[in-house]
Structures are given as structure tokens and as C-alpha cells.
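Working notes, beginning with the structure itself.
Read the figures in this text as sums done on the coordinates, not as results from a lab. Being a predicted model, the structure only gives us computed values, none of them experimental. Every residue, glycine as well, gets a Cβ built from its backbone with ideal geometry; the counts of neighbours run over all protein chains shown.
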Amino acid sequence: MSETKHEAKFQLDREINSILATDCGSTTTKAILIEKVGDEYRLIHRGEAPTTVEAPFEDVTAGARNAIRELEELTGKKFLSDEGVITPRQPDGSGVDIFLSTSSAGGGLQMMVAGVIKIMTAESAQRAALGAGAIVMDTISIDDGRLPHQKIQRIRHLRPDMILLSGGIDGGTITHVAQIAELISAAEPKPRLGIGFKLPVIYAGNTAARKYIKDILSEKTDLREVDNLRPVLEKEVLGPAREEIHNLFMEHVMAQAPGYNKLMKWTPVPIMPTPGAVGLGMQNAAREHNMSVIGVDIGGATTDVFSVFGDDFELFNRTVSANLGMSYSICNVLLEAGVANIMRWVPFDIDEGDLRNRIRNKMVRPTTVPQTQDDLIIEQAISREALRLAFEHHKSLAVGLRGIQQARDAGSAFDQTLTGQSHIDLMKLGMLIGSGGVLSHAPRRVQSVIMMLDAFQPEGVTQLAVDSIFMMPQLGVLSTVHPKASAQVFDRDCLIRLGTAIAPVGPGREGQETMRVKVTYADGKVVEETSTFGTIKALPLAVGETAEVEIHPGRSFDIGHGAGHRATITAKGGTDGIILDSRGRRPFSLPDDKATRIKKLVGWFDSMNVYPPETIARLKKAN
């Protein structure tokens with residue numbers, strides 16, 4: 001990885017041995033202290049406090065100071081002065097070498113995007129905005145089915161932080177992108193923050209239309225021009241637009257948010273939007289571990305999904321399901337998934353009306369936590385559907401370029417991803433990382449395992465992990481300054497390894513052998529196990545340990561090398577070891593008959609020790 005200008009600067013100025021980083025979230029501000037211990041960087045302590053961007057404080061630095069004061073109490077050191085964080089570290093031991101921050105407070109970065117064709121330039125604009133850490137509030141296009149006055153009304157109503165406008169290849173037709181610019185001009189949109197300021201509009205379309213766009217929009221908006229997102233149909237250039245989005249986020253959104261002008265003075269590195277920093281962390285993880293990665297962050301109101309695929313891990317995508325969450329948006333999960341899809345994961349008989357009322361109560365009281373085992377089981381059933389729906393949304397956007405007749409070079413002539421095919425190949429997925437309360441704070445780690453396996457249904461061999469205390473944002477921004485420290489803390493303190501899942505894919509029937517595995521442990525111990533269709537079980541392999549696993553799939557089952565073809569892998573251990581998931585074809589289905597379905601679920605939960613023995617015994621007795 002090439003050095004950034006920040007990295008080079010700090011290497012010249014001083015050695016970085018102590019790092020303080022905050023993430024100012026919408027409800028909580030998290031602070032972490034990282035120090036060099038011996039030859040490696042480690043997380044020392046973590047503090048948190050309520051975010052103070054709203055009344056009565058209206059100063060984000062108040063929450064940041066409170067979170068940092070918790071670190072001061074835990075370490076017995078002084079990090080704060082009247083001016084902010086003390087940098088560099090002083091001879092008396094006070095202060096740190098560098099302070100960094102990310103933020104999604106105040107609703108984060110909220111954008112609208114516009115393009116000529118919905119599945120072409122508008123989709124590219126979506127990818128650019130999402131990759132920069134934005135929530136895309138709406139997408140405007142010529143062919144979106146709305147009348148002009150409806151689009152104008154929508155722009156006025158939403159009041160985004162900025163608009164990204166794209167459309168047309170360089171030198172192509174100008175008319176359509178000019179029409180969209182006219183709609184924006186007619187709406188005379190006002191920004192969400194900063195009364196009296198012009199709304200920022202980034203134009204990333206046909207360069208031949210720049211003069212016309214300038215004539216239409218420069219008077220009413222703060223217009224910025226960057227390289228075309230789709231200079232030719234066969235090429236997508238997202239970098240310049242994403243960089244400009246980040247610049248405007250700092251100039252307009254952060255500058256207008258209460259207290260951010262003070263926070264920005266504390267750090268020499270630009271504050272990053274939290275989702276953008278997490279995405280950077282995911283990309284770094286893929287390169288560091290040399291494998292494709294999918295990450296998910298499921299919150300109370302939104303669920304973010306990140307994916308990094310490709311030979312050089314160049315295919316990065318992020319989506320925000322802004323209406324899928326576990327508290328504020330929980331009723332949207334019920335609406336989109338349907339009560340039947342949620343009930344299929346509940347291993348006991350429950351009245352449909354009772355389930356609906358429980359979900360509504362969670363929305364009304366979003367900060368409550370499950371009080372009984374049944375409440376926990378229902379919450380985790382809902383989470384499976386929220387994760388599944390968010391992943392389906394992600395797969396619909398993580399696709400190759402659409403509208404291409406042919407590729408420009410022989411090397412990509414047969415590349416089907418250029419025709420709108422999904423970049424997501426679960427058989428090539430190396431690691432699945434979960435974060436968010438329902439996954440990171442599950443009472444038993446195996447509950448996170450089963451939720452992710454049921455929702456994402458990975459194929460072949462996949463490592464599973466959770467970000468236990470959601471350090472990904474701070475580590476993402478840290479990677480721009482000190483990649484080594486970021487990578488070491490990510491691997492040693494951020495990730496909790498859950499284990500390695502082996503999931504042969506193919507049609508089968510109950511009782512049919514799906515695979516035989518031979519596990520050779522580091523101490524020479526050998527364990528052989530046969531797995532049958534429709535079952536899931538785990539073999540022990542502790543965190544930090546590895547084992548050689550010979551996998552012999554059945555004739556109709558594939559683990560990534562073709563049906564029936566064997567493979568030998570090095571499995572990494574975790575809290576739940578090696579998971580043998582023999583539930584067959586993807587997506588796997590649950591029995592339609594209620595009693596049979598419940599029996600199947602209880603069997604899975606029993607074999608994996610998902611819930612306490614007394615809970616499993618009660619479920620078996622009830623059914």
C-alpha cells in the first residue's frame with residue numbers, strides 16, 4: 001500500500017506510539033486508546049459516552065470529552081486540555097502522539113443521486129455515494145416512472161446534504177442530463193444543515209455538458225465538477241466523485257454540525273464518515289488476509305453491508321438498507337419480510353398477533369433488551385430476516401456495469417460481470433464479519449454463528465468473525481496514517497474468531513451423506529466425521545489454533561472444486577471451531593409443516609448448543 005500524505009508526514013515528524021481515536025455515532029461516542037506494546041500495537045482501553053450533537057448540548061466535543069475522560073480514569077493519564085486532545089505526547093506522559101476521529105452523528109451523510117438511466121448512470125452514482133459513506137435517500141432518473149413535478153417535490157421535501165448528478169458518456173447526448181439539472185434548479189433545494197448556504201451539487205457526467213450544467217445550476221447551487229462516472233459504457237470511474245463527496249462532507253456537513261469545527265481542530269487528519277471508514281477497514285482486511293470479505297453492521301435503524309471481491313480486491317461495494325434495523329426500523333423488517341418468514345425461524349408455536357405486538361413494542365421502546373429466552377429467540381429470528389433482506393439489497397447493487405454491448409479488450413471479452421452480473425460469489429468468499437448489537441453482544445458466540453449462517457448462507461469454506469466492540473471505524477481512519485498499527489489491532493483485538501464453516505452445496509435428501517472430513521490437529525490428533533444432509537454440527541478447534549482438514553464431499557455436493565471433488569484446507573479455529581453445515585442447496589428451505597419445521601430448528605440449535613440445555617429441553621418437550 002502506498003503512503004498517504006498523512007502517513008509520510010507523521011513518519012517524518014515523530015514516531016507514533018500512542019493513538020487516541022473517537023467515533024461519534026448518532027447515539028454513542030466511542031473512544032479507543034492504542035499504544036505500542038513491545039513490537040506491536042494493541043488496544044489498551046475503550047471508553048464511551050452519549051453523543052451530544054443535539055440539544056441541550058449541541059456540541060459534539062462534549063460527548064467526545066466525556067468518552068476520553070473515561071479513558072483518563074481507566075489509565076490514570078491525562079489526555080485532555082482546555083483546547084482539546086493533547087498532542088504530541090508530553091515528557092510527563094500526558095497526551096498522545098495523534099488523535100483521529102470518524103462521525104455519523106446528526107444522521108451522517110445524507111445524499112440524493114441522479115442519473116439518466118436508472119440501471120446505468122444512476123446506479124453508478126449510487127455506488128459512488130454509498131462507497132463514500134453516504135445514505136442514499138433517493139435516486140432520480142429520466143426513466144424512474146415519476147412525473148417532473150413529483151421529482152421536484154421529492155427533492156424539496158428530502159433536503160439532502162448534497163446531490164450527485166451523473167449521466168451520459170463523454171461526447172454523448174446532452175439533452176437528458178440537462179433535463180435532470182433543470183429539475184434540480186426548479187426545486188431550488190435547501191441543504192439540511194446551514195441556513196443561507198447553497199446546496200452542494202457534484203456533477204460527474206458527460207464532460208461535453210458541463211457548460212450547460214453550469215448555466216443551469218451555478219446560480220442556485222454550490223456546483224462542483226469532477227470526472228465522468230461513466231466516461232465510456234465499459235468503464236466506471238468512482239474515485240474522483242467519492243473524493244469530492246468526502247471534501248464536501250468536511251466543508252458543508254461537518255462544518256455546520258454543532259461543535260465539529262472544534263473537533264476538526266483537534267485532529268490533523270480529516271474526519272471520515274463512519275461508514276466510509278468501515279468500508280476502508282473491510283478493504284484493508286481483504287488485502288491483509290488475501291481473501292474476499294463480506295461485512296455487515298446491523299444497527300437499530302439501518303443495516304450496512306460491505307463486500308470486497310475480485311482478483312486484486314478491487315470490487316468494493318457498500319449498501320445501506322436505511323429501513324432495516326433492530327429497534328427503530330424493526331417494523332419495516334416485519335413489513336418487508338412478512339410475518340411468515342420471521343415465524344419460520346422461531347422454534348416454538350407462537351400466535352401471529354402476539355409476534356406482531358412484540359415487534360411493535362420493540363419499535364416503541366427501542367432501547368429495551370430481551371428479558372426472557374423466548375424474547376431473545378424472537379429477536380434473533382427477526383435479525384435473520386433483516387440480514388437476509390439487507391444482503392439481497394446489496395447483491396442487487398454489487399453488480400458489473402450494465403448496458404454494455406462488448407468489452408474493449410480481449411482480456412475482458414468473456415467477463416460476464418460487465419453485463420450486470422453480481423460480483424458476489426459466495427463460493428469464493430473467504431471471511432464473513434458481523435457487527436452490531438444483535439451479533440456482537442449475543443449472549444453466546446454460537447448464536448452469532450447460526451444467525452450469520454442462516455441469513456447469508458455461505459458456500460464452500462468460509463471463516464466467520466465478529467467485531468466485538470465495533471472498532472472498525474477508528475481502525476479504518478487509522479489505516480490512512482499508520483497501516484501497520486491498524487492491521488495489528490484489527491487482527492488481535494478487534495476481530496473475535498468464531499471458526500471456519502464448511503458448507504457443501506448441492507441437492508440431497510434427508511440422511512444422505514454430504515461429506516466426510518478428516519481433521520488433523522497440530523498435536524497429531526486425528527478426528528474423522530461424517531455429515532448427513534439437513535444437519536449442522538461443530539468440531540472443536542480453539543481460537544489461535546489451526547488444523548488440516550481433508551474434505552470428501554458426496555457425489556452431488558460441491559465445496560468449490562466441482563461436484564464430488566475433494567479438497568484439503570487449513571482451518572482456522574474460533575470460539576465454535578469447525579462448523580459442518582450440510583443443509584445443501586442454496587438458498588436452503590425449511591419444512592412447510594409447522595411441527596416438522598420446529599423439530600428441525602430445535603435439532604439444529606441442540607447440536608450447536610445455541611441455547612442453554614434447559615431451554616432446549618423445554619423446546620423439545622413443548623413440541
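What are the radius of gyration and Dmax of the range 33-102, computed over its Cα atoms and given in Å?
Looking at the range 33-102, its Cα Rg and Dmax stand at 13.0, 45 Å.
Whole-Hz Karplus ³J(HN,Hα) for the range 475-490, in order, using 6.51 cos²θ - 1.76 cosθ + 1.60 and θ = phi - 60°, x for Gly and Pro?
6, x, 5, 5, 5, 6, 10, 9, x, 5, 4, 4, 5, 5, 5, 4
Using only the alpha-carbon atoms, how far is helix 121-131 inclined from the longest principal axis of the chain? Give it as 0 to 90 degrees, nearest 10.
Tilt of helix 121-131: around 80 degrees.
If packing is taken as the average count of other Cβ atoms within 10 Å, what order do 129-136, 374-381, 612-619 fall into, highest mean first? Each step should come with its number before you reach the end.
Values: 129-136: 26.0, 374-381: 20.2, 612-619: 14.8.
So the peptides 129-136, 374-381, 612-619, ranked by packing, come out 129-136, 374-381, 612-619.
Translational diffusion coefficient, Stokes-Einstein: compute it for the range 497-623 using the Kirkwood radius over C-alpha pairs as Rh, at 37 °C and 0.692 mPa s, and state it as an integer in µm² s⁻¹. Walk me through the numbers before you get to the answer.
On the way: Rh = 15.4 Å.
Stokes-Einstein gives a translational diffusion coefficient of 213 µm²/s.
Against the longest principal axis of the chain, how steep is helix 148-158, in degrees 0 to 90 to the nearest 10, with axes from Cα atoms?
Once rounded, the angle reads 80 degrees.
How are the C-alpha pair distances of the range 125-206 spread across 5 Å bins, as whole percents from the shortest bin up?
The calculated distribution, bin by bin, is 3, 14, 25, 26, 21, 10, 2, 0.
Checking the cross-link filter: which aspartates and glutamates have an alpha carbon closer than 13 Å to that of Lys151, excluding same-chain neighbours under 8 positions apart?
Output for Lys151: Asp138, Asp143, Glu182, Glu188.
What percent does the relative contact order of the chain come to when contacts are Cα pairs within less than 8 Å and at least six residues apart?
Numbers: 1370 pairs, mean separation 65.5, N = 623.
Relative contact order, the chain: 11 percent.
How long are the three semi-axes of the equivalent ellipsoid of the range 23-69, in whole Å, if each is the root of 5 times an eigenvalue of the C-alpha gyration tensor, listed from largest down? Present the calculation step by step, with values, prior to reporting the outcome.
Values: eigenvalues 146, 13, 9 Å².
Over the Cα atoms of the range 23-69, the ellipsoid semi-axes are 27, 8, 7 Å.
For the chain, how big is Rg over Rh, using alpha carbon atoms and the Kirkwood form of Rh? Show your work: numbers first, answer last.
Values: Rg = 25.3 Å, Rh = 26.0 Å.
So for the chain, dividing Rg by the Kirkwood Rh gives 0.98.
Report, to two decimal places, the Cα Rg of the range 108-261 normalised by 2.2 N^0.38 Å (N = number of residues).
Details: Rg = 14.1 Å, N = 154, 2.2 N^0.38 = 14.9 Å.
The value comes to 0.94.
With 19 Å as the limit, write out which pairs from Lys537/Lys621; Lys518/Lys600; Lys36/Lys77; Lys118/Lys395; Lys594/Lys621 have Cα-Cα distances beyond it, or answer none.
On the way: Lys537/Lys621 22 Å; Lys518/Lys600 26 Å; Lys36/Lys77 16 Å; Lys118/Lys395 16 Å; Lys594/Lys621 15 Å.
Check vs 19 Å cut-off fails for Lys537/Lys621; Lys518/Lys600.
Applying 1/(1 + (r/R0)^6) with R0 = 56 Å to the Cβ-Cβ distance of Val543 and Glu83, what FRET efficiency is obtained, to the nearest 0.05? Working shown, then result.
Numbers: r = 42 Å, r/R0 = 0.76.
The calculated FRET efficiency here is 0.85.
May I ask you to compute the full-extension gain from Ala567 to Glu510, defined as 0.36 nm times their residue separation minus their alpha-carbon distance, rounded to one decimal in nm? Write down the numbers at each step before the final one.
Values: separation 57, 0.36 × 57 = 20.52 nm, distance 2.39 nm.
Here the answer is 18.1 nm.
Can you give me the long-range amide H partners of Val461? Hydrogens built in the peptide plane at 1.01 Å from N, cutoff under 5 Å, separation of 5 or more residues or another chain.
Ala503
Using alpha carbons only, how many degrees (0 to 90, rounded to 10) separate the axis of helix 594-608 from the longest principal axis of the chain?
The angle comes out near 90 degrees.
Contact order normalised by length for the range 259-358, with contacts defined as Cα pairs under 8 Å and 6 or more residues apart; what percent is it?
Relative contact order for the range 259-358 comes out at 17 percent.
In vacuo Debye scattering of the range 414-507, one point per C-alpha: log10 I(q)/I(0) at q = 0.14 Å⁻¹?
-0.64
Could you tell me what percent of the DSSP beta bridges with both partners in the chain are antiparallel, to the nearest 5? Spell out each step's value before the answer.
Values: 67 of 106 bridges.
Looking only at bridges with both residues in the chain, the antiparallel portion is about 65 percent.
Under a 5 Å amide H to amide H cut-off, with H placed in plane at 1.01 Å, what residues pair with Thr28 once short-range neighbours are removed?
The list, which skips near neighbours in sequence, is Thr51.
Any chance you could list P(r) for the range 200-306, counting all Cα-Cα pairs in 5 angstrom bins from zero, rounded to whole %?
2, 10, 14, 14, 18, 18, 13, 8, 3, 0
For Met515, enumerate residues with amide H under 5 Å from its amide H, sequence gap 5+ or separate chain, H modeled in the peptide plane.
Ser531, Gly554
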